[in-house]
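The values are calculated or read from the model by the stated rules, or taken from the named source; none is laboratory data. Not measured: the values here are computed from a predicted model. Positions of Cβ are backbone-derived with ideal geometry, glycine not excepted, and every protein chain shown enters the neighbour counts. Side chains included, ligands, DNA and RNA excluded: accessible areas come from the protein's heavy atoms. Shrake-Rupley method; radii C 1.70, N 1.55, O 1.52, S 1.80 Å.
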Amino acid sequence: MGTQCTGTGSWPNCSTSTCWATPPTLDSDLSQGIQPVQGLALCTLSTMGSAEMCRDLAPEVEKLLLQPSPYVRKKAILTAVHMIRKVPELSSVFLPPCVHLLHERHHGKAVGLPILCFSSVDRRIENRMGTPAHRRRVAHTHRHTRNRLSCPWPPPFTSPTLTPGILLGTITLITELCERSPAALKHFRKVVPQLVQILRTLVTTGYSTEHSISGVSDPFLQVQILRLLRILGRNHEESSETMNDLLAQVATNTDTSRNAGNAVLFETVLTIMDIHSAAGLRVLAVNILGRFLLNSDRNIRYVALTSLLRLVQSDHSAVQRHRPTVVDCLQETDASLSRRALELSLALVNSSNVRAMMQELQAFLESCPPDLRADCASGILLAAERFAPTKRWHIDTILHVLTTAGTHVRDDAVANLTQLIGGAQELHAYSVRRLYNALAEDISQQPLVQVAAWCIGEYGDLLLEGNCEEIEPLQVDEEEVLALLEKVLQSHMSLPATRGYALTALMKLSTRLQGDNNRIRQVVSIYRSCLDVELQQRAVEYDTLFRKYDHMRAAILEKMPLVERDGPQADEEAKQSKEAAQLSEAAPAPTESQASQLLDLLDLLDRASGDAQHPPPLDPSPGGALVYLLDLPCAPPPPAPIPDLKVFEREGVQLNLSFIRPPENPALLLITITATNSSEGDVTNFICQAAVPKSLQLQLQAPSGNTVPARGGLPITQLFRILNPNKAPLRLKLRLTYNHFHQSVQEIFEVNNLPVESWQ
Amino acid sequence: MLEESREELMRFMLLFSRQGKLRLQKWYLATSDKERKKMVRELMQVVLARKPKMCSFLEWRDLKVVYKRYASLYFCCAIEGQDNELITLELIHRYVELLDKYFGSVCELDIIFNFEKAYFILDEFLMGGDVQDTSKKSVLKAIEQADLLQEEDESPRSVLEEMGLA
């Protein structure tokens, strides 16, 4: 039976049929009193015990908890830990023995018990009715143990007060109990002084050499006790106070030359951070972490950076003191370390240190590995936005980021920068000059090119004026400017959006520059036959402007007013497009800021919904008129149920929508989609995705499954929650993917004929 | 039920060679076979791609992985929760020390040919992912006893005798 247990012990998979067969054997193994067998049975139980097994065998394990032999007891304790994890209700079963175990530790009964155990086992063996083979085997075991009278299985620990294996197990069990049950937590808060005492003894008077690692007494036990103290002291003033002294003691007395000491120190720091510790103690913790940062061991620097990141919100000033060290860590060769250092550095930027920090971060940006570039760039831009001391500094910073890591910035960086420049009137000349210089050097970084093109278009006249105090005087020729923009237009590196910017900039220059516009007109007419539809459309419009509406050109192309950030883009769109709409037959051109032309699900809906200029007329509520006529006080009539809608049908697979508007929340719409299958083949891997216009909020809940069996099998249902506070018209686009008849099917479609009651 | 994040639970421990051969796997949380294979494959790829000078901790899926290379074997532990990677390193080291003491200058071949002993030692040292005993001596003593027990069992017996029917 022992070997059988061994076998199962290495198949840690609860779903095999062996699991069902083992409980009776496990039960008898546990109760028969032979320690190695019991040990193995407990091991099996703790590795593969399913919830049912744990429930059934809990009484047995409980008995073993109080059994004299430390060998079995320590295993029983840890098995109890597993059982509680699987079946939290068993906490009540294991709580009383726990208390007993902890108390026992201090009365030193441990020593005499193994001897008792030995003799009682002896007697049990003689009485045993087993097969001859089994008895022979068992007798062999005890022959050996009988010969070692002074040394029963296994040798007892001679320490009078503490049996470490059991103490460690007990602490682990108590930790698990306190995590699972608030009642246990409350109960065990009372033993905090006891725990403090145990730890204090460990740290000061030391332990046997067999438990210490490189000069630190029993670090595993120390860490476990500290963890328990953390749980007990969390959100509890009194316990936290009891621990303060001890934590300070551990923090200062632990030898940190090797990893074991650092592990204990780290756990102490984590505990200090989590409980209600005194301010001085918290500063001590942060300083320890700061010291860790200077440690030559990479692992320790890693844990220090991670923990400081967690602390930076709550103890900002303490962490600030270590800022230079953190910044040094940016130079790490290990990518995970430099990433952490980057996050921490960004978190440490504030208004007083922003210039210095930005310098460091920009230097880092130039040399950092590519996967960190995007994060670094966006971090710098965000920090610059929050703490920029002057606008000029801000513009400089963004410019620098764009030139260094232009391809990695987020899409809205362009919009933000144009917004920023537009708002800083005094800096127009400065910005346009700098951007022109940058553009002249390099036209490959798209965000930079876009901003530069826009700027040159808007403020081209300032560029040509020639004098600006903040930068060396630059003589720029009209022809040079036009040549540069043409170069951008023709370059194969330019994205379609960038070319759009360049073309519009050229147009604007036609009013800003003094010379005649032949060159510009030429370029514009060339692009009338461009293959890119967007450019072609613009070119046609601009050409028409030149030819037929020249008198309006100046007015249309004058400087743009400052755009409201985050406001609807509608007014600036309206300004440019209203005139253009009157001029040409084509649809109005989108604005500068709408650079990307991705035909996303959402984009399609959003653009289209932007066309709807006026809100739809509200229907009168169904039962309203009746109530008025009858003039009786009655509850508002329940909303009429909205009819179901069949939205999709293909080869027997059908999708239906049913709508519910809960009366207590008028903005909420619940749609249940039901997928049914009347064909001969199963539908598998069914996934349904949905998109709604941006003004609505959509939440998809998990579907009931992803398979619809053939011939009318159990359908799949999925719930959508749509919040529509503005009563915007509901549009719904669905994307289905599934496998049917061994083919994968993908369908994207918009739901038509949505009932009006679903959104009004 | 308390809502705070779980404290340390070791999910699994893996031993694999530099060539990507799995030598030992111990799972402390029930997972399906398919899921396990997938996790092992992925994790091995990630760990084997690490350069020698990098730190021993990495984040993978939602777990923290602590690994250490001893000669040609990678010892890998996946822990969850918010804490102490350093003590897990100590744990790995302790396990290696136990193997070393038992096999006498352990090498990968020892583990390949005596993998069941490696599992026994692990089961005496850790249970359910928690340390059972912090004393090397007592763990090794227990293994010794178990070995003796097995040796006595070596006498050949018929199948019926094994089942207790003869």
(request) For chain B, find the longest principal axis of its Cα atoms and tell me its angle to the long axis of helix B:136-152, 0 to 90°, nearest 10. (result) 40
(request) Let me know the charge dipole size of segment B:8-161 about its Cα centre in debye, to the nearest 20, where only the beta-carbon of Lys, Arg (+1) and Asp, Glu (-1) is charged. (result) 1060
(message) As a test of reading the structure, rank A:R373, A:R553 by solvent-accessible area (1.4 Å probe, protein chains only), most first.
(response) A:R373, A:R553
(request) Extending each Cα 7 Å along its Cβ direction at A:A555 and A:Q194, get the distance between those two points in nm, one decimal. (result) 9.0
(message) If you take each beta carbon of peptide B:135-146 and count the beta carbons of other chains within 10 angstrom, what is the mean?
(response) 5
(request) Take the alpha-carbon centre of segment A:637-706, take the same for segment A:171-238, and report the distance between them in whole Å. (result) 53
(message) Students often check this: by mean Cβ neighbours within 10 Å, which of A:346-353, A:298-305 ranks highest, and how do the rest follow?
(response) A:298-305, A:346-353
(message) Test of understanding: given chain B, find the longest segment containing no GluC sites (Glu not before Pro) that are in a DSSP loop and have at most 10 other Cβ atoms within 10 Å.
(response) B:4-153
(request) Whole number in Å², please: accessible area per residue of segment B:8-161, 1.4 Å probe, ligands, DNA and RNA not counted. (result) 44
(request) Only helical DSSP H runs with n ≥ 4 go in: add -39500 (n - 2.57) per run for chain B, normalise by residue count and round the 222 nm mean residue ellipticity to 500 deg cm²/dmol. (result) -14000 deg cm²/dmol
(request) Would you please give the FRET efficiency between A:Q522 and A:L382, computed as 1/(1 + (r/R0)^6) with r the Cβ-Cβ distance and R0 = 35 Å, to the nearest 0.05? (result) 0.20
(message) I'd like the accessible area for A:W393, computed on protein heavy atoms only with a 1.4 Å probe and all protein chains in place. Round to 10 Å², please.
(response) 40
(request) Calculate the spin-label point distance for A:Q249 paired with A:K694, positioning each point 7 Å from the Cα along the beta-carbon direction, and give it in nanometres. (result) 6.2
(request) Report the paramagnetic label zone for B:R69: residues of segment B:31-47 whose backbone N is under 12 Å from a point 7 Å from Cα along the Cα-to-Cβ axis. (result) B:47
(request) State the extension gain, in nm to one decimal, for the chain segment bounded by A:A483 and A:S296, taking 0.36 nm per residue of separation less the distance between their alpha-carbons. (result) 61.7 nm
(request) Could you go through segment B:100-110 in sequence order and give the Karplus-derived ³J(HN,Hα) for each residue, using 6.51 cos²θ - 1.76 cosθ + 1.60 with θ = phi - 60°, rounded to whole Hz, and x for Gly and Pro? (result) 5, 5, 6, 8, x, 6, 5, 9, 5, 4, 4
(request) May I ask you to rank A:R433, A:R547, A:R731, B:R61 by accessible area, largest first, using a 1.4 Å probe over the protein chains only? (result) A:R547, B:R61, A:R731, A:R433
(request) Using a Förster distance of 51 angstrom, determine the FRET efficiency expected from the C-beta separation of B:W60 and A:E441, and round it to 0.05. (result) 0.75
(request) Estimate for me the total accessible surface buried between chains A and B (protein heavy atoms, probe 1.4 Å, no ligands or nucleic acids), in Å² to the nearest 100. (result) 5800
(request) Work out from phi, with θ = phi - 60° and the Karplus expression 6.51 cos²θ - 1.76 cosθ + 1.60, the ³J(HN,Hα) of each residue of segment A:175-189, listed in order in whole Hz, and give x for Gly and Pro. (result) 4, 4, 4, 5, 6, 8, 9, x, 5, 4, 4, 4, 5, 7, 4
(request) Roll a 1.4 angstrom probe over the protein heavy atoms and tell me the percent of accessible area of chain B that is carbon or sulfur. (result) 54
(request) Within 10 Å of each Cβ in peptide A:253-265, how many partner chain Cβ atoms are there on average? Round it to a whole number, please. (result) 2
(request) Collect residues whose amide H, placed 1.01 Å from N in the peptide plane, falls under 5 Å from the amide H of B:R23; neighbours closer than 5 in sequence don't count. (result) B:L15, B:F16, B:S17
(message) Need one value for A:211-224: mean number of C-beta atoms belonging to other chains within 10 Å of its residues' C-beta atoms.
(response) 4
(request) Per residue of segment A:696-706, in order, report the coupling 6.51 cos²θ - 1.76 cosθ + 1.60 (Karplus, θ = phi - 60°) as ³J(HN,Hα) in whole Hz, putting x for Gly and Pro. (result) 9, 10, 10, 10, 9, 9, 5, x, 6, x, 10
(message) Rolling a 1.4 angstrom probe over the protein chains, ignoring ligands and nucleic acids, what is the accessible area of B:K68 in square angstrom, nearest 10?
(response) 70
(request) Can you bin segment A:320-364 into rounded, prolate or oblate? Criterion: square roots of the alpha carbon gyration tensor eigenvalues sorted a ≥ b ≥ c, rounded for a/c under 1.5, prolate for a/b above b/c, oblate for the rest. (result) prolate
(request) Give B:K26/B:K64; A:K63/B:K141; A:K75/B:K136; B:K101/B:K136; A:K74/B:K68 a once-over and call out the pairs whose C-alpha atoms are over 19 Å from each other. (result) A:K63/B:K141; A:K74/B:K68
(request) With all protein chains present, calculate the accessible area of A:H276 using a 1.4 Å probe and round the result to the nearest 10 Å². (result) 80
(request) For B:R11, list long-range residues whose amide hydrogen, built 1.01 Å from N in the peptide plane, is under 5 Å from its own amide hydrogen. (result) B:A78, B:I79, B:E80
(message) Check which residues have an amide H placed less than 5 Å from B:W60's amide H, if you skip close sequence neighbours.
(response) B:V65
(request) State the extension gain, in nm to one decimal, for the chain segment bounded by A:T544 and A:H100, taking 0.36 nm per residue of separation less the distance between their alpha-carbons. (result) 150.4 nm
